[in-house]
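Everything below concerns the one structure shown next.
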Amino acid sequence: MAADPGPILVTGAGGFVGQALVRALAGAKRIIATDRTGLDCGDLPGVIAVTGEIDDPALIARLTAEPLAAIVHLATIPGGAAELDPVLAAHINVAAAMTLIDAAAAHQNRPRLLFASSIAVFGDPLPATVNDATPVSPMMRYGAHKAMLEEWVATLTRRKAIYGLSLRLPGIVARPPAQSGMKSAFLSNLFHAMKAGQHIKLPVSAQATCWLLSRRALTDQLVAGLELVNYPDNGRLNLPALRVKMSDLVAEVARQTGRDVTLVEYTPDPAIEATFGTQPPLTTLTGDNLGLRHDGDIPALVAHTLADI
């Protein structure tokens with residue numbers, strides 16, 4: 001019988017993506033799920049739920065008490081919230097994350113690490129196209145924090161302390177209609193409003209373009225990432241995603257919900273449009289070659305998303 005390589009630690013496990021990932025892994029792997037709140041996975045097979053603050057030294061010691069096979073680091077202070085509280089954001093997004101990774105690496109078993117980075121590392125304005133070689137140039141604190149931790153993950157991988165991969169997430173839909181601290185929340189709110197037959201104002205134009213994944217597609221990519229034999233040499237990956245025009249997305253959500261497109265009003269905010277509505281063609285050859293897949297097309301993206309809310 002093969003030796004148990006240790007559990008997989010999922011941080012941010014009470015969040016929108018974390019909940020789906022823990023459910024996908026439960027039963028097949030030993031999982032330690034941690035978050036400050038929202039943990040309802042303790043009764044899933046093979047899952048230990050541990051509530052606490054990710055910057056608490058006692059929590060970190062508990063999470064890393066035994067060697068970990070892998071870490072999926074999802075916990076974060078997101079974009080808008082990071083701008084409002086830069087001290088807390090830097091503490092959680094950079095310092096606490098580094099401390100956690102260092103503690104896991106101290107067992108010298110070189111655990112895998114999947115780090116949920118973000119397309120925010122590219123900043124704005126974006127170049128005419130984005131590909132695996134596009135340099136980072138963040139404008140928001142959130143994007144800068146992600147870029148900083150990407151480099152730390154790459155450094156520890158070069159030092160053979162961990163085996164890390166930073167995954168740059170696009171917009172993920174449809175997050176719950178609550179205060180998420182994300183400036184891109186309108187992308188998720190669109191689905192909730194139209195499903196409920198409610199009027200919604202979008203802070204972008206009908207011609208706005210953005211990169212999107214459903215939670216289902218992202219979860220599949222994360223599960224696949226844990227099983228990849230070889231990570232890219234630079235330890236960074238732009239995830240395959242659909243580039244959608246807002247009017248096309250609205251039309252398809254309206255079709256699948258049986259609602260009228262007139263429920264949607266476009267009231268462009270120049271800053272929001274510049275950051276989330278001018279995303280150019282995206283090429284993800286590395287992710288494609290590794291077998292990672294987006295939703296396929298807009299109808300599938302919308303169907304996966306609506307089935308999940």
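The values are calculated or read from the model by the stated rules, or taken from the named source; none is laboratory data. Bear in mind that the values here come from a model prediction, so they are computed numbers and not experimental data. Please note that ligands, DNA and RNA were not included when accessible areas were found on the heavy atoms of the full protein model with its side chains. Shrake-Rupley method; radii C 1.70, N 1.55, O 1.52, S 1.80 Å.
Mind jotting down the distance between the C-alpha centroids of the stretch 77-151 and the stretch 243-259, whole Å?
31
Taking Cα atoms, how many degrees apart are the long axis of helix 246-257 and the longest axis of the chain, rounded to 10 and kept between 0 and 90?
Tilt of helix 246-257: around 90 degrees.
How much accessible surface area, in Å² rounded to 10, belongs to the heavy atoms of LEU88 with a 1.4 Å probe?
Answer for LEU88: close to 70 Å² accessible.
If you roll a 1.4 Å probe over the stretch 265-309 with all protein chains in place, what percent of the accessible area is carbon or sulfur?
The C+S portion of the solvent-accessible surface of the stretch 265-309 is 58 percent.
How big is the gap, in Å, between the Cα center of the stretch 207-222 and the Cα center of the stretch 159-206?
If we compute the Cα centre of each part, the gap is 9 Å.
Round to a whole number: what % of the accessible area of the stretch 108-235 belongs to carbon and sulfur, probe 1.4 Å?
Summing carbon and sulfur atoms, their accessible area is 53 percent of the total for the stretch 108-235.
Per residue, what accessible area does the chain have, given a 1.4 Å probe and all protein chains present, in Å²?
Dividing the accessible area of the chain by its residue count gives 44 Å².
If each residue of separation counts as 0.36 nm, what is the full-extension length gain between ARG159 and ASP43 once their alpha-carbon separation is subtracted?
38.0 nm
Angle, helix 16-25 long axis vs. longest principal axis of the chain, Cα atoms, 0 to 90°, nearest 10?
Rounded to the nearest ten degrees, it is 50.
Would you work out if the stretch 78-139 is rounded, prolate or oblate? Take a ≥ b ≥ c from the square roots of the eigenvalues of the alpha-carbon gyration tensor; rounded if a/c is under 1.5, else prolate when a/b is larger than b/c, oblate otherwise.
Judged from the Cα gyration tensor, the stretch 78-139 comes out oblate (a/c at least 1.5, b/c at or above a/b).
Between [x] 57, 48, 36; [y] 62, 52, 34; [z] 58, 41, 39, which matches Cα extents along the principal axes in Å calculated for the structure shown?
[z]
Does the stretch 238-290 come out rounded, prolate or oblate by the C-alpha gyration tensor, with a ≥ b ≥ c the root eigenvalues, rounded set by a/c under 1.5 and, if not, prolate when a/b is larger than b/c and oblate if not?
It comes out oblate by the Cα gyration axes.
Could you state the angle between the C-alpha long axis of helix 141-158 and the longest principal axis of the C-alpha atoms of the chain, as a value from 0 to 90 degrees rounded to the nearest 10?
40
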